[in-house]
1. With +1 on each Lys and Arg Cβ and -1 on each Asp and Glu Cβ, how big is the dipole of segment 1-124 about its Cα centre, in debye rounded to the nearest 20?
2. Charges on Cβ only, +1 for Lys and Arg, -1 for Asp and Glu, centred on the Cα centroid of the chain; of 161, 15, 353, which one is farthest towards the dipole's positive end?
3. How much of the DSSP bridge set in the chain is antiparallel, in percent, rounded to the nearest 5?
4. Per q in 0.13, 0.14, 0.19 1/Å, what log10 I(q)/I(0) does a Debye calculation on the alpha-carbon atoms of segment 294-449 return?
5. Net charge within 11 Å of residue 230 by Cβ-Cβ distance, Lys/Arg positive one each and Asp/Glu negative one each, not counting residue 230 itself?
6. What is segment 132-237 by shape, rounded, prolate or oblate, if you read a ≥ b ≥ c off the alpha carbon gyration tensor as root eigenvalues and call it rounded for a/c under 1.5, prolate for a/b larger than b/c, and oblate otherwise?
7. Please report the spacing between the Cα centers of segment 293-309 and segment 149-167 in Å, no decimals.
8. Within 10 Å of each residue's Cβ, count the other Cβ atoms and sort 135, 37, 447 from fewest upward.
Amino acid sequence: MSHAHGTPSPVASRSGTPLKGRIRVPGDKSISHRSMIFGLLSIGETRVEGLLEGDDVLRTAEACRALGATITREGPGRWRIVGVGIGGLTEPKDILDFGNAGTGSRLMMGVAGSHPITSTFDGDASLRKRPMRRILDPLVQMGVTVVSEAEGGRVPLTLRGPRETLPITYETPAASAQIKSAILLAGLNSPGKTTVIEREATRDHTERMLRHFGASVEVAHHGTDGRAITLQGQPELRGTDIVVPTDPSSAAFPLVAALITPGSDVVLEGVMMNPLRTGLITTLLEMGASIERLNERDEGGETVADLRVQHSRLTGVTVPHARAPAMIDEYPILAVAASFAEGTTRMQGLHELRVKESDRLAAVAAGLAEAGVAYAVEGDDLIVHGSGGKARGGGNPVATHLDHRIAMAFLVMGLATDEAMTVDDGAMIMTSFPSFIPLMRELGATIQD
């Protein structure tokens, strides 16, 4: 497939045989980004197994190199990082170009911005549309100077950091692991305690990995669903070994494909079962999905399991807003599953989808329309009226808006629609799931690029 900056590469999928077999999806993107970042901030050597080698993570690796880390690829998914330690970052000679990597760019703003260097962040057309102000606001409170920024606090932007950041207590305005993580990473170069308060618990990979590398982190309940996370600043992080579990957000695509394709029986190996990442599985089980957890075990500090998934008759449900942080990236593929269910599925409180790689809420709605699916958007709620069987499938290509999850969601949909589904560009799939098409073909899917 071509690069996203070049000529678009349409991709089509169509129904055919049942999906059968066992596959292992790539390593988790969130943990892969953090593996590079913590390797940079540690003293000594960090070895990573199972790294996701998508474009997003490789951009973070390049940024870590530019800030002083020595990074070597030793084989497929196997990487070695020699860090410089907290306070040891070097000023990058060039712009840090993050392509489409929202996670990498936002976390690295906390890292680079908290050091006495000047760094400029940029990315592709999609990243340039994404809001960064909610990352910048707490960093400014910590002493970071925003030298320049595009309109609305977007990239390209330049940060100049203090010698040490100021410790703060900050309540995040939205349920966002990226905001929380940027603050905690900036707090590593602070002489005191940095506390982040979140009203709704978000994925906790940063907290887990901070502990894994030797930092002191305390987590307390806050309110009904929230948490207060307190980091003791200026620890000495030590390089360590990391095994990256497979990405539940990537596993979501073959999982839903098996649920909606008649006769399918698929095993997904080693999927991370962190309770702050399994909102989609919880929802699909409520809808009647046949998903079995097999061989639960621990890998790299995370619980993983093999998932056996079989074609299922699904029933519509209401997905509460409180579940959104545990499945924020999975709503596009949930909307596809809901389109095949009996009855209506209502997904509540999807404001965060409007500020992803695209306005995902609008992009999902437009894709459903192309497939002849009845839906409504009411405020921040998406309502999908299921067909109880096959969706029609549209003759027009679905616009992906350079969003990898939109592309994969509607390619999965095409495996069970009456007509083929085409997405206007599949190039961006490389950012998070480079092996998506070959793995789906391995299961028997008909996808043409």
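1. 620 debye
2. 161
3. That works out to approximately 75 percent antiparallel.
4. -0.62, -0.73, -1.29
5. 0
6. Judged from the Cα gyration tensor, segment 132-237 comes out oblate (a/c at least 1.5, b/c at or above a/b).
7. So the two Cα centres are separated by 39 Å.
8. Placing the least packed residue first, the sequence is 447, 135, 37.
All of the numbers you see were taken from the coordinates with simple rules; none came from a lab. Since the structure is predicted, the reported quantities are computational estimates derived from the model, not experimental observations. In this analysis, Cβ positions are derived from the backbone assuming ideal geometry, glycine residues included, and neighbour counts consider all displayed protein chains.
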